[in-house]
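Trainee: Before I ask anything, let me first share the structure, which is written out below as structure tokens.
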Amino acid sequence: MNGFLTVDGIFGNPASKTHGAGRAAADAVDSARQEIAAFLSSKPEEIIWTSGATESINLALKGAALARRDRGSHIVTSPLEHKAVLDSATWLESQGFEISYAEPDETGRITTENVLEALRPDTIVVSLMYVNNETGAVTNFASLGPKLRQHGALLHVDAVQGAARMPLDDVASEADLISISAHKMYGPKGIGVLRVRKPLGREFTSQIHGGGHQFGLRSGTLPTHQIVGMGEAARLVQQRRMADTKHVAALDNRLCTHFARIKGATLNGTADQRVPGILNVHFPGVEVESLMLALGNVAISSGSACTSADVEPSHVLLALGYEAERALSSARFSFGRFTTMDEIDHAGRLVQDTVTALRRMSQ
């Protein structure tokens, strides 16, 4: 990335191909596009650079819905989605679209059956997460994708949490639209991708207008340094996926062992169909805000990073049927490639001691 940030590096505009500096930048962008295309089992021309997952999701839902309005006005999603999906759905509702929410089953997962029950003849888009960002629950698209194609509805997958943690083969083969973010796969913040399956390009409404960049789907000067960083991050994820998965699974097992020693601590959501590295744990009798403040150098949250500044119950836990009191006593723990076993042990012991102390204080 540093090689594209200074005047003695490649500082040209990748859209300015009339000079060598611009062509060199364009070559770097093309190389990163090929890396991301390989990562998503896609074609390079299907890769659209964005400012991050939020923009990718907005572009996917609004671009597809507005372009296909003559075919229908119904969209299906779930109450467990990220706010970028839920708020985009709310905006589309204000524009005359109708939104249905497929309910989770008793394990906290969105099933194929529940999605199919929500479909209508005029359903044009279905948008669902691959891996839930608060509970780690995994959605099975291998069974859902073919049925949506038969129905004629597009499938958008928010693969932000799953990109670095799970293989994307089923997602890539079944989804028409895929949103990912660099910083969730150890790349830079401020850059993301929307994969738009090639036949959709002519049936897609751009949300940012300007110079007609990126096949006319998203205008704006490309941030070369962030793009090459995301391309390299994707290459490293593919190279290290098996080792990362084994490492994170071991960390997950160790942290669960620590939490098993805390009286009443229970996992929110599914224990079986959950990706390692994301745990949502209920600590009865403890306010999660107090827990977060008391833990000091251990970084946990009460929900997704986009909403954790608000002291409110997690909308995901409420959608799973938990009472607000339980949601306000639950904490989200996540870790990955660079987390060490010593850090897990430190966090586990500190959480045990802190929960005990907070319970004692509240008596």
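The values are calculated or read from the model by the stated rules, or taken from the named source; none is laboratory data. Only a predicted model underlies this, so the values are computations on that prediction, with no experimental measurement involved. For neighbour counting, all protein chains shown are included, and Cβ atoms are generated from backbone atoms with ideal geometry for every residue, glycine included.
Trainee: Assuming D272 fulfils every condition listed in (1) more than 28 Å from T111 (Cβ to Cβ); (2) at pLDDT below 95; (3) among the acidic types (D, E) apart from one, which condition is it?
Mentor: (1)
Trainee: Scan segment 93-113 residue by residue and report those that are within 20 Å of A175 (Cβ to Cβ), out of contact with any Asp or Glu (no Cβ under 6 Å at 6 or more places or on another chain) and surrounded by fewer than 20 Cβ atoms within 10 Å (Cβ to Cβ).
Mentor: The answer is S100, Y101, T112, E113.
Trainee: Taking segment 42-82 on its own, how many of its residues are more than 29 Å from E103 (Cβ to Cβ) and either among the β-branched types (V, I, T) or in contact with a Leu (Cβ under 7 Å, 6 or more places away or on another chain) (or both)? Even if it seems obvious, please write down each step before you answer.
Mentor: Step one: of segment 42-82, the residues more than 29 Å from E103 (Cβ to Cβ) are 42-51, 70.
Still in the running and either among the β-branched types (V, I, T) or in contact with a Leu (Cβ under 7 Å, 6 or more places away or on another chain) (or both): 47-50.
Qualifying residue count, segment 42-82: 4.
Trainee: Return yes when G9 is among the small types (G, A, S) and outside any helix (DSSP H, G or I) and no when it is not.
Mentor: Values: among the small types (G, A, S): yes; outside any helix (DSSP H, G or I): yes.
Yes: the conditions hold for G9.
Trainee: Yes or no: segment 341-351 includes at least one residue that is within 19 Å of the chain's Cα centre (by Cα), free of Cβ contacts under 8 Å to residues at least 40 places away in the same chain and not assigned by TED's automatic domain parsing to the domain that holds E106. Step through it out loud before you land on a result.
Mentor: Looking only at segment 341-351, we keep the residues that are within 19 Å of the chain's Cα centre (by Cα), and these are none.
No; the residues of segment 341-351 include none that is within 19 Å of the chain's Cα centre (by Cα), free of Cβ contacts under 8 Å to residues at least 40 places away in the same chain and not assigned by TED's automatic domain parsing to the domain that holds E106.
Trainee: So which of A250, A299, A357 ends up being out of contact with any Gly (no Cβ under 6 Å at 6 or more places or on another chain), surrounded by fewer than 17 Cβ atoms within 10 Å (Cβ to Cβ) and either free of Cβ contacts under 8 Å to residues at least 24 places away in the same chain or within 18 Å of V138 (Cα to Cα) (or both)? First the steps, then the outcome.
Mentor: Values: A250 fails: either free of Cβ contacts under 8 Å to residues at least 24 places away in the same chain or within 18 Å of V138 (Cα to Cα) (or both); A357 fails: either free of Cβ contacts under 8 Å to residues at least 24 places away in the same chain or within 18 Å of V138 (Cα to Cα) (or both).
Checking each option against the conditions leaves just A299.
Trainee: Residue under question is G63, and the condition is that it be under 22 Å from H213 (Cβ atoms) and touching a residue at least 40 places away in the same chain (Cβ under 8 Å); does it hold? Spell out the reasoning first.
Mentor: Values: under 22 Å from H213 (Cβ atoms): yes; touching a residue at least 40 places away in the same chain (Cβ under 8 Å): yes.
So G63 passes the test.
Trainee: Within segment 157-187, take every residue that is polar (S, T, N, Q) and buried (at least 24 other Cβ atoms within 10 Å of the Cβ) and give me the one that is nearest to the chain's Cα centre (by Cα).
Mentor: In the first step, residues of segment 157-187 are kept if they are polar (S, T, N, Q); the result is 161, 173, 179, 181.
Okay, now just the ones that are also buried (at least 24 other Cβ atoms within 10 Å of the Cβ), so 161, 179, 181.
Working: Q161: 4, S179: 7, S181: 7 Å.
Result: Q161.
Trainee: Moving on. Please pick out the residue among G220, G210 that is over 29 Å from A153 (Cα atoms), without any contact (Cβ under 8 Å) to a residue 40 or more places away in the chain and touching a His at 6+ places or on another chain (Cβ under 9 Å). Let's see the steps before the verdict.
Mentor: On the way: G210 fails: touching a His at 6+ places or on another chain (Cβ under 9 Å).
Only one candidate qualifies: G220.
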